[in-house]
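Read the structure below first, then the notes.
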Amino acid sequence: MEDTDGYKFYFGGGRWVMVRPSGTEPVLRVYAQAPDAAEVREILDAAHETLLGEALSPQA
């Protein structure tokens, strides 16, 4: 974990998620990286559920 500019968590295999406050707005920004877009979406969905306590609705 790094906490220089927010909190960055490493999962291995090139996967990570970073949560940081915006410098200009009252919001949290969440960034993720993974080998493919589907894994990035899974990481972002899990972060959303963890931070807000609610799952995202399935996309149409």
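Nothing in this text is a laboratory measurement; each read-out follows from the coordinates by a stated rule. These figures come from a predicted structure and were not determined experimentally. Cβ coordinates were reconstructed from backbone atoms using ideal geometry, including for glycine residues, and neighbour counts include every protein chain displayed.
Tabulated data for the structure shown
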item	result
Distance in nm between pseudo-label sites at residue 11 and residue 24 (7 Å out along the Cβ direction from Cα)	3.0 nm
Theoretical ellipticity at 222 nm over the chain - DSSP helices of four or more residues, -39500 (n - 2.57) apiece, nearest 500	-9000 deg cm²/dmol
For Rg and Dmax of the Cα atoms in Å, calculated from these coordinates, the label among [x] 12.1, 37; [y] 22.6, 74; [z] 11.2, 34	[x]
Estimated inter-spin distance, residue 31 and residue 50, nm [label 7 Å along Cα→Cβ]	1.7 nm
Taking the chain and dividing mean pair separation by its residue count, relative contact order in percent (alpha carbons under 8 Å, at least six apart)	20 percent
Test item: Cα-centred dipole of the chain, Lys/Arg +1 and Asp/Glu -1 on Cβ, debye	100 debye
